[in-house]
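The values are calculated or read from the model by the stated rules, or taken from the named source; none is laboratory data. Everything numeric here is computed off the predicted structure, so don't read it as measured data. Glycine also receives a Cβ, built like all others from the backbone with ideal geometry; neighbour counts cover every protein chain displayed. Ligands, DNA and RNA are stripped out before the accessible areas are found, and what is left, the full protein with its side chains, is counted by its heavy atoms. Shrake-Rupley method; radii C 1.70, N 1.55, O 1.52, S 1.80 Å.
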Amino acid sequence: MNQDQKSNLPMAPIVDSHGRVHRSLRISVTDRCNIRCFYCMPENVKFLPQDSILNFEEIHRVVQILARQGVSRVRLTGGEPLVRSELWNLVELVKSVPGINEVALTTNGILLSDQAKKLKSSGLDRINVSLDSIDPEKFKEITRRDALDKVLAGIDAAVQAGFDNIRINAVSVKGISETEVIPLVSWAQQQNLHLRFIEFMPLDGDQAWQNQQVFTGARLRSIIEAKFGTLTPVRRGHASQPATDFQLSDGSAPIGFIDSVTEPFCQTCDRMRITAEGKLRNCLFSTQEWDLKDLIRSNASDAQIEERIRLGIQHKKLGHGSDSGRFVRPERAMYQIGG
Ligand code: SAM
Ligand code: SF4
């Protein structure tokens, strides 16, 4: 049997040295973005040259290799994934890979109005839209751009296109988000959208993050309960899901909390990441990367690429440690990793 025939056989799942099986892949398709959220990207940013970014065929190949090792869920992210030209073609390619059950997208929503229908017909299963405020001025303060109308229109377009499980991700930051919590919850309940609050992580491009800026999930829950009544925990969809979901007694859409800093969920993590320029990362907070692009562009076999991926995952730490005194923050910011 030659190397290529061997690489078509289903192989062992990708397991790290702590026994966690990896089934989920996040692919950053670009580091570029059309806004500048202060918690993610610096205002004056130098993006990667176009030719250093994996093309769709290269991404497709990596997904095929990983799907044969049991990866079944793919999320496309960035930077802003919808600024990548004709992203729906990549969705279609990835969705066609045997073993891939779900293709999802995380987007700021600005370009969704134009693309929602094409994304739906290309087979995209889920959309998460990031939205931290429904107040135009606050939105501008956070994102350094005036684009709230476009995001709201994008969410409408996604609903119209038939996406029925849209989630809204809101990063909450102390000193900024206090005024946004109640309006966001009310709006999400009216729209019947699944809102999730994410704790501010030390991954901002300006490297200005401070522990006291973390608006904790616990604090958010008490603010929401004071206004809307008791939040009852909802059973987890799958063990590795990062959010803990709750429900209000009126039966409206769940409200989730991704308490990455104060209540890390590393024990059940099944995620791996590939950056836009083809580096494997085993964790958002990893300080090490494994280059896949050099292999892909030097005619390496699938088996060699798989071996490097396994090596990277083997090195995954049990916890990210951002809550410990010995934490070393990664050099890359969120937009350079893919959130
Ligand atoms: N541009 C797309 C978007 O905003 O949805 C996809 C990429 S963005 C990096 C992915 C997610 O990371 C977004 O939900 C964003 O709010 C979140 N994010 C970015 N920087 C963060 C930080 N420092 N802490 C917590 N979440 C962050
Ligand atoms: Fe762009 Fe998303 Fe980062 Fe905001 S969070 S700057 S939308 S990549």
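Determine the per residue accessible area of region 55-202 with all protein chains present and a 1.4 angstrom probe, expressed in square angstrom.
Numbers: 5500 Å² over 148 residues.
Here the per-residue accessible area is 37 Å².
How large is ³J(HN,Hα) for each residue in region 304-312, as worked out from phi by the Karplus curve 6.51 cos²θ - 1.76 cosθ + 1.60 (θ = phi - 60°), to whole Hz, x for Gly and Pro?
Per-residue couplings from phi come out as 5, 5, 4, 4, 5, 5, 4, 4, x Hz.
Output wanted: per-residue J couplings in Hz (rounded whole) for region 36-52, from phi through Karplus 6.51 cos²θ - 1.76 cosθ + 1.60, θ = phi - 60°, x for Gly and Pro.
In residue order, the calculated couplings are 9, 3, 5, 7, 10, 10, x, 4, 9, 10, 9, 7, 5, x, 4, 6, 8 Hz.
Pull up all non-local amide H partners of Arg196: gap of 5 or more, or a different chain, and H-to-H distance under 5 Å with H placed in the peptide plane.
Ile168, Asn169, Ala170, Gly256
Identify, among Leu148, Val71, Ile27, the residue whose Cα sits farthest towards the positive end of the charge dipole of the chain, taking +1 on the Cβ of Lys and Arg and -1 on the Cβ of Asp and Glu, with the dipole about the Cα centre.
Val71
Under the Karplus relation 6.51 cos²θ - 1.76 cosθ + 1.60, θ = phi - 60°, what is the ordered set of whole-Hz ³J(HN,Hα) values for region 56-70, x standing for Gly and Pro?
My calculation for region 56-70 gives 4, 5, 5, 5, 4, 5, 4, 5, 4, 4, 6, 4, 5, 9, x Hz in order.
Among the lysines, which fall within straight-line cross-link reach of Lys317, defined as a Cα-Cα distance under 28 Å, with same-chain neighbours fewer than 8 residues apart omitted?
Lys279, Lys293
For Met272, enumerate residues with amide H under 5 Å from its amide H, sequence gap 5+ or separate chain, H modeled in the peptide plane.
Answer set, sorted by chain and number: Ser24, Leu25, Arg26.
Calculate the spin-label point distance for Val21 paired with Asn89, positioning each point 7 Å from the Cα along the beta-carbon direction, and give it in nanometres.
Result: 3.6 nm between the two label points.
What percent antiparallel are the DSSP beta bridges of region 20-337, to the nearest 5? Each step should come with its number before you reach the end.
Numbers: 10 of 40 bridges.
Of all bridge pairs located within region 20-337, approximately 25 percent are antiparallel.
For Asn211 and Ser52, FRET efficiency with R0 = 35 Å and r from the beta-carbon atoms, rounded to 0.05? Before the final figure, lay out the partial values.
Details: r = 34 Å, r/R0 = 0.97.
Calculated value: 0.55.
Sticking with the crude label model, points 7 Å out along Cα→Cβ, report the distance from Asn34 to Gln189 in nm, one decimal please.
Between Asn34 and Gln189, the simple spin-label model gives 3.2 nm.
For region 146-202, what are Rg and Dmax over the alpha carbons, in angstrom?
12.4, 37
Accessible area of Arg297, 1.4 Å probe, to the nearest 10 Å²?
Its heavy atoms expose roughly 110 Å² to the probe.
With runs of 4+ DSSP H residues as the only contributors, calculate the mean residue ellipticity of the chain at 222 nm using -39,500 (n - 2.57) per run, divided by the residue total and rounded to the nearest 500.
Working: 11 runs with 102 residues, N = 339.
After summing the helix terms and dividing by residue count, I get -8500 deg cm²/dmol.
Can you quote the Å³ per residue value for the convex hull of the Cα atoms in region 20-337, rounded to an integer?
Working: hull volume 39.9 nm³, N = 318.
Measuring per residue, one finds 126 Å³ for the Cα hull of region 20-337.
Any chance you could look up the accessible area of Lys95 with a 1.4 Å probe, heavy atoms only, rounded to 10 Å²?
70 Å²
How far apart, in nanometres, would the label points at Glu43 and Met11 be if each is projected 7 angstrom from Cα along the Cα-to-Cβ direction?
4.8 nm
Working with all protein chains in place, sort Asp294, Asp149, Asp132 by solvent-accessible area computed with a 1.4 Å probe, largest first.
On the way: Asp294 70, Asp149 120, Asp132 15 Å².
From most exposed to least exposed: Asp149, Asp294, Asp132.
By accessible area of protein heavy atoms, probe 1.4 Å, what ranking do Glu102, Glu199 get, highest first?
Details: Glu102 50, Glu199 5 Å².
Descending accessible area places them as Glu102, Glu199.
Return an integer: the convex hull volume of the alpha-carbon atoms of region 193-339, in Å³ per residue. Can you show the working numbers first?
Numbers: hull volume 20.2 nm³, N = 147.
Given the Cα convex hull of region 193-339, per-residue volume reads 137 Å³.
Can you give me the C-alpha center-to-center distance between region 71-111 and region 159-204, rounded to a whole angstrom?
21 Å
May I ask for the distance between the Cα centers of region 277-339 and region 207-275, given as a whole number of Å?
25 Å
With a Förster radius of 25 Å, plug the Cβ-Cβ distance of Cys266 and Ile223 into 1/(1 + (r/R0)^6) and report the FRET value to the nearest 0.05.
Details: r = 26 Å, r/R0 = 1.06.
The value I calculate is 0.40.
Using a 1.4 angstrom probe with every protein chain in place, what is the largest-first accessible-area order of Phe47, Phe257?
Values: Phe47 45, Phe257 0 Å².
Per-residue accessible area, sorted high to low, gives Phe47, Phe257.
Roughly speaking, to the nearest percent, how much of the chain's 1.4 Å accessible area is carbon and sulfur?
48 percent
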